[in-house]
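*Asks:* Below you'll find the structure I mean.
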Amino acid sequence: MIDFSAAGVPRWLKLAFTLWILVWAPSYVVLLGAQNFFWLCNVASFLLLAALWSEHRTLMSMQWLAVALVGSLWSLDVATAALTGVHPIGGTEYMFDPEHPPMARAMSLYHVVLPLVAGIGVAKLGYSRRALLWQTLLTWIVVPLTYLLTEAERNINWVHGPFGQPQDSLDPLLYLFLLTLLWPVIVYLPVHLLMVGWQRWRSQA
């Protein structure tokens, strides 16, 4: 198996992503408020910055789990809606809402970039199997805090209903419990299994 860790993360990527965070973070506070940082993808942005500079393999792998599938599905939903007017997945309707700040919509395109940045980081540092456990624990902290500390109408991390839509079929706390349990299984586990399979294939090549 090839060891990518010796190569390290390119300095240009560290500097470029740092510049992005310096522009993006204060802009989001002004446009959408600090509550918006509770989104798991936004949490991942800050942790990805730390992972790039520290070159911490587990932290980098955690962010890969956080953004790989979510970013891909977000991009697919936006692209499909732009071409056909239909959202096959949902949750990105705000990208076509004229009442949503245009600058905020433009900056949301970072969902396309995050998987690329994290993917380069994992390619350089390798994938850590411990990432699934630690990212799951992080999610189990962030999601309940989102429910407690953010406004319900924002539905951040979909704590009040899936795909950005409020739900009333289940008791709110039962829904939150199920969301917290299912998020790692649906979002992180498929990527983790793919990476483990890739590692095995590389080791046998």
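Read the figures in this text as sums done on the coordinates, not as results from a lab. Quick caveat, the model's predicted, so the values are computed rather than measured. Backbone-built Cβ (ideal geometry, glycine too); neighbour counts: all protein chains shown.
*Asks:* Tell me the mean residue ellipticity at 222 nm calculated for the chain from its helices only (DSSP H runs of n ≥ 4, each -39500 (n - 2.57), averaged over every residue, nearest 500).
*Replies:* That calculation yields -22000 deg cm²/dmol at 222 nm.
*Asks:* Placing unit charges on C-beta atoms (Lys and Arg positive, Asp and Glu negative, everything else neutral), compute the dipole magnitude of segment 52-201 about its Cα centre in debye, rounded to 20.
*Replies:* Roughly 880 debye, rounded to the nearest 20.
*Asks:* Now for a different question. What ³J(HN,Hα) values, in whole Hz, does the Karplus curve 6.51 cos²θ - 1.76 cosθ + 1.60 give for segment 103-115 when θ = phi - 60°, with x put for Gly and Pro?
*Replies:* 5, 5, 5, 5, 6, 5, 5, 4, 4, 6, 7, 3, x
*Asks:* Relative to the compact-globule scaling 2.2 N^0.38 Å, provide the ratio for the alpha-carbon radius of gyration of the chain.
*Replies:* 1.04
*Asks:* Can you give the longest stretch of the chain with no exposed loop site, where a site means GluC sites (Glu not before Pro) in a DSSP loop (not H, G, I, E or B) with at most 10 other C-beta atoms within 10 Å?
*Replies:* That would be 1-98.
*Asks:* I'd like the orientation of helix 189-204 relative to the chain: the angle between its Cα long axis and the longest Cα principal axis, in ° from 0 to 90, rounded to 10.
*Replies:* 10 degrees
*Asks:* OK, next. Relative contact order of segment 11-204: what whole-number percent is it, with Cα pairs under 8 angstrom and at least 6 residues apart?
*Replies:* 25 percent
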